[in-house]
Amino acid sequence: MAKTAPAASMTTTGVRMPTKLRTRLQKLAEATDRSRNYLIVEAIESFLDVNDWQIKAIKDSLDDDDDMVEHKDVEAWLSTWGDDDEEAPRWK
């Protein structure tokens, strides 16, 4: 949900969008009795929250070398799939 910020901490920016998207935005604003600005801020906050989380999760995972599996090891394992002697993964 969009956080209400004091007017002094707000800034203005312009956004170019396809006409169809603006029409959808207007319809949603009318249906929810919210301003287009409110919905745009809400959407941007949600987008940034998801991407911030994803980037952090990726960085955290890359920092944890214990859980890393070499690409060549995965390829070797996958190459046994479908064979009578299919191997189990050699890692946790």
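Values quoted throughout were computed directly from the atomic coordinates according to the rules given, and no laboratory measurement underlies them. Treat the numbers as computed from the prediction; the structure is a model and nothing was measured. Backbone-built Cβ (ideal geometry, glycine too); neighbour counts: all protein chains shown.
Points to keep in mind about this one:
- Considering (1) surrounded by 10 or more Cβ atoms within 10 Å (Cβ to Cβ); (2) among the aliphatic types (A, V, I, L, M); (3) part of a helix (DSSP H, G or I), the lone condition that Ala8 does not fulfil carries the number (1).
- Here Arg16 clears all of (1) part of a helix (DSSP H, G or I); (2) free of Cβ contacts under 8 Å to residues at least 12 places away in the same chain except the condition numbered (1).
- Odd one out for Gln26 among (1) polar (S, T, N, Q); (2) within 25 Å of the chain's Cα centre (by Cα); (3) assigned to a loop (DSSP other than H, G, I, E, B): (3)
- On inspection, Ile44 qualifies as closer than 26 Å to Met17 by Cα and out of contact with any His (no Cβ under 9 Å at 6 or more places or on another chain).
- Subset of segment 69-92 (residues that are among the hydrophobic types (A, V, I, L, M, F, W, C) and either surrounded by 10 or more Cβ atoms within 10 Å (Cβ to Cβ) or part of a helix (DSSP H, G or I) (or both)): Val69, Val74, Ala76, Trp77, Leu78, Trp91
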